[in-house]
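Asks: Quick one: structure below, then a few questions.
The values are calculated or read from the model by the stated rules, or taken from the named source; none is laboratory data. Note that the structure is predicted; figures quoted are calculated from it, not measured. Here Cβ is always computed from backbone atoms with ideal geometry, including for glycine, and neighbour counts include all displayed protein chains.
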Amino acid sequence: MDDFNALTRLDGKVAVVTGAASGIGRATALRLAAAGAAVLAADLDAAGAAATAAACVSAGGQAQATGGDIRDWSTGEAMAGAAVAELGGLDILVNCAGLFPSGAALDLDEGHWDQLLDVNLKGAMSLSQACARRMRDAGRGGAIVNIASIQGLRPRAGKAAYAASKAGLIALTQVLAQELAAHGVRVNALAPGPVLTEAAVEAGGSATGAATAAAYLARLPLGRFGSPEEIAVAVQFLASPAAAWITGATLAIDGGALLI
Ligand SMILES: NC(=O)c1ccc[n+]([C@@H]2O[C@H](COP(=O)([O-])OP(=O)(O)OC[C@H]3O[C@@H](n4cnc5c(N)ncnc54)[C@H](O)[C@@H]3O)[C@@H](O)[C@H]2O)c1
């Protein structure tokens with residue numbers, strides 16, 4: 001049996017990471033670059049993506065950055081094309097870009113719904129299609145990792161658009177896993193629980209939010225929030241040869257939140 005560390009290396013692979021300017025996407029870009037992949041850090045926030053790519057390079061890795069709005073279907077093509085043109089191939093896609101805000105179903109407006117579904121679900125689909133076509137054509141397989149949420153598995157009140165987008169992303173993962181297996185492309189999802197990123201803190205907000213958070217943490221089996229890096233190591237695993245027989249899976253990384 002090969003050494004586990006060797007099995008999780010990504011040397012010679014090219015990875016596209018969306019949402020790479022901050023939070024989980026940034027940590028994932030850094031992790032994959034540290035594991036040997038050449039990373040295209042992609043984000044609506046082009047300056048943030050460039051800063052992530054620079055951090056990957058200063059840590060000794062290989063990376064480029066690209067800006068783009070994944071609500072536009074053609075952005076998937078542009079990002080996949082940039083990976084091939086600038087980094088010489090495309091083996092891994094991490095769909096991490098996402099928006100949090102949600103609200104009670106009775107108060108939702110159409111713009112809010114479209115915005116969330118367009119980023120969290122349509123964006124992941126267009127990127128997956130563009131990248132998977134290139135993986136198929138190159139004939140060397142690949143891996144797609146979708147960052148869903150426990151809200152996609154156990155939806156809560158007040159999260160209509162967000163939960164629907166993440167449940168949709170999990171369903172998409174399962175469909176693509178079946179369609180792409182013949183091309184050697186594995187497709188999996190992660191379902192993080194509460195991870196301490198700026199976006200998550202903003203979504204939780206105010207003093208009421210802090211009190212709610214303390215009560216929540218008291219019930220959470222592992223008793224603390226997760227870190228972006230704890231999600232990033234799971235992305236590395238699922239993208240690596242160590243996960244060669246895993247496809248269509250959704251792995252909850254949630255401190256036990258689904259058990260509450
Ligand atoms: N933090 C958590 O607690 C948590 C829990 C479960 C799931 N998630 C998921 O993890 C992912 C990352 O979350 P995060 O906490 O790191 O948030 P974040 O806000 O730090 O990162 C999201 C990134 O997506 C980018 N983005 C937003 N709209 C975009 C668009 N139209 N085109 C391209 N990029 C766009 C943002 O610029 C940002 O850099 C999201 O999909 C989120 O739903 C987070």
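Per-residue answers, yes or no, for (1) hydrophobic (A, V, I, L, M, F, W, C); (2) touching a helix residue (DSSP H, G or I) at 6+ places or on another chain (Cβ under 7 Å):
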{"position": "S149", "(1), (2)": "no, yes"}
{"position": "A177", "(1), (2)": "yes, no"}
{"position": "V185", "(1), (2)": "yes, yes"}
{"position": "P192", "(1), (2)": "no, yes"}
{"position": "L196", "(1), (2)": "yes, no"}
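Asks: Of all residues in the stretch 11-26, which are more than 16 Å from V57 (Cβ to Cβ) and surrounded by 18 or more Cβ atoms within 10 Å (Cβ to Cβ)?
Replies: Answer for the stretch 11-26, where residues must be more than 16 Å from V57 (Cβ to Cβ) and surrounded by 18 or more Cβ atoms within 10 Å (Cβ to Cβ): K13, V16, T18, G19, S22, G23, I24, G25.
Asks: Of the numbered conditions (1) assigned to a helix (DSSP H, G or I); (2) buried (at least 23 other Cβ atoms within 10 Å of the Cβ), A85 fails exactly one; give the number of that condition.
Replies: It is condition (2) that A85 fails.
So that you can scan it fast, the table gives a plain yes or no per residue for (1) in contact (Cβ under 8 Å) with a residue 24 or more places away in the chain; (2) surrounded by fewer than 21 Cβ atoms within 10 Å (Cβ to Cβ):
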residue: A160; (1), (2): yes, yes
residue: A164; (1), (2): yes, yes
residue: G168; (1), (2): yes, yes
residue: H183; (1), (2): yes, yes
residue: N188; (1), (2): yes, no
residue: Y216; (1), (2): no, yes
residue: V235; (1), (2): yes, no
residue: A249; (1), (2): yes, yes
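Asks: Also: Taking the condition more than 15 Å from the ligand (Cβ to nearest atom) and either of a type in the set (A, V, I, L, M, F, W, C) or assigned to a strand (DSSP E or B) (or both), does A20 pass? Steps first, please.
Replies: On the way: more than 15 Å from the ligand (Cβ to nearest atom): no; either of a type in the set (A, V, I, L, M, F, W, C) or assigned to a strand (DSSP E or B) (or both): yes.
No, not satisfied.
Asks: Let me ask something else about it. Please return the ranges of helices (runs of 4 or more DSSP H) entirely within the stretch 156-252 where 1 or more residues are touching a strand residue (DSSP E or B) at 6+ places or on another chain (Cβ under 8 Å) and either more than 15 Å from the ligand (Cβ to nearest atom) or modelled with pLDDT of 95 or more (or both).
Replies: On the way: elements: 160-180, 198-204, 207-219, 228-239.
In the stretch 156-252, the matching helices (runs of 4 or more DSSP H) lie at 160-180, 228-239.
Asks: Next question. Give just the number: which of (1) at negative phi; (2) in contact (Cβ under 8 Å) with a residue 60 or more places away in the chain does G88 not satisfy?
Replies: It fails just one condition, (1).
Asks: If you check every pair at least six apart or on different chains, which have Cβ atoms under 6 Å apart with a residue in the stretch 40-60 that is surrounded by fewer than 18 Cβ atoms within 10 Å (Cβ to Cβ) first and a residue that is in a loop (DSSP other than H, G, I, E, B) second?
Replies: D45/A21
Asks: Residue check: is D72 farther than 16 Å from V17 by Cα and at pLDDT below 95?
Replies: no
Asks: Among the numbered criteria (1) assigned to a loop (DSSP other than H, G, I, E, B); (2) within 16 Å of Q236 (Cβ to Cβ); (3) among the hydrophobic types (A, V, I, L, M, F, W, C), which single criterion is violated by A63?
Replies: Of everything listed in (1) assigned to a loop (DSSP other than H, G, I, E, B); (2) within 16 Å of Q236 (Cβ to Cβ); (3) among the hydrophobic types (A, V, I, L, M, F, W, C), A63 misses just condition (1).
Asks: State which residue is nearest to the ligand (Cβ to nearest atom) when the search covers only the stretch 61-82 and only residues that are of a type in the set (S, T, N, Q) and surrounded by fewer than 19 Cβ atoms within 10 Å (Cβ to Cβ). Full working, then the answer.
Replies: Residues of the stretch 61-82 that are of a type in the set (S, T, N, Q), as a first pass: 62, 64, 66, 74-75.
Those left that are additionally surrounded by fewer than 19 Cβ atoms within 10 Å (Cβ to Cβ): 62, 74.
Details: Q62: 21, S74: 12 Å.
That would be S74.
Asks: For G98, state whether it is in contact with a helix residue (DSSP H, G or I) (Cβ under 6 Å, 6 or more places away or on another chain) and within 15 Å of the ligand (Cβ to nearest atom).
Replies: In short, yes.
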